[in-house]
Amino acid sequence: MAQDSITIERIDQEPFVVRRGDRVKVWFHQGYFKPMQVIGISPTRNMIRVSSSDAVRKVGFEVFKAFVFPPDPEPAPPKQKGAANLSRIVSRVNAQNAPPGGCSEADFTR
């Protein structure tokens, strides 16, 4: 039976769960981490199979779970200037295009 997740616990950080399909950082040598995708987990051997997005063959390779780190959090997308709330836009367009005398019960869909 395959296991789909493994918990990695370290003294200096919070434990985190790695699941199949997650993106993680893999440590290769001092100061060099590479983001990769988890394609398999072996809790018995404490190994995680990862694959790089630029790899030709997607079979990946196995690394010990000690070399796997959580990915850096993605920065929040910048808020666009002049962005309006969709409900305000819909209310304004509905008010502009309302029939004379306003909407009746027949105009609504239930």
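Fewest to most neighbouring Cβ within 10 Å: what's the order for 11, 41, 89, 6?
On the way: 11 4, 41 22, 89 10, 6 19.
The fewest-first ordering by Cβ neighbours comes to 11, 89, 6, 41.
May I ask you to compute the full-extension gain from residue 39 to residue 61, defined as 0.36 nm times their residue separation minus their alpha-carbon distance, rounded to one decimal in nm?
Values: separation 22, 0.36 × 22 = 7.92 nm, distance 0.93 nm.
This chain segment gains 7.0 nm when fully extended.
With everything on Cα atoms, drop me the angle between helix 86-96 and the longest principal axis of the chain, reported from 0 to 90° to the nearest 10.
Compared with the principal axis, the helix lies near 20 degrees.
What number comes out for the charge environment of residue 17, summing +1 per Lys or Arg and -1 per Asp or Glu over other residues with Cβ under 14 Å away? Don't skip to the answer; put the middle values down first.
Details: positive: 10, 19, 20, 23, 65; negative: 4, 9, 14, 22.
Residues close to residue 17 contribute a combined charge of +1.
With a ≥ b ≥ c taken as the square roots of the eigenvalues of the C-alpha gyration tensor of the stretch 5-69, please select rounded if a/c is under 1.5 and otherwise prolate if a/b is larger than b/c or oblate if it is not?
The shape class here is oblate.
Going by amide H atoms built from the backbone, whose H comes under 5 Å of the H on residue 22, apart from near neighbours?
The answer is 38.
Every number in this text was worked out from the coordinates using simple rules, so none of it is lab data. Note that the structure is predicted; figures quoted are calculated from it, not measured. Neighbour counts are summed over all protein chains in view; Cβ atoms, including those assigned to glycine, are modelled from backbone coordinates with ideal geometry.
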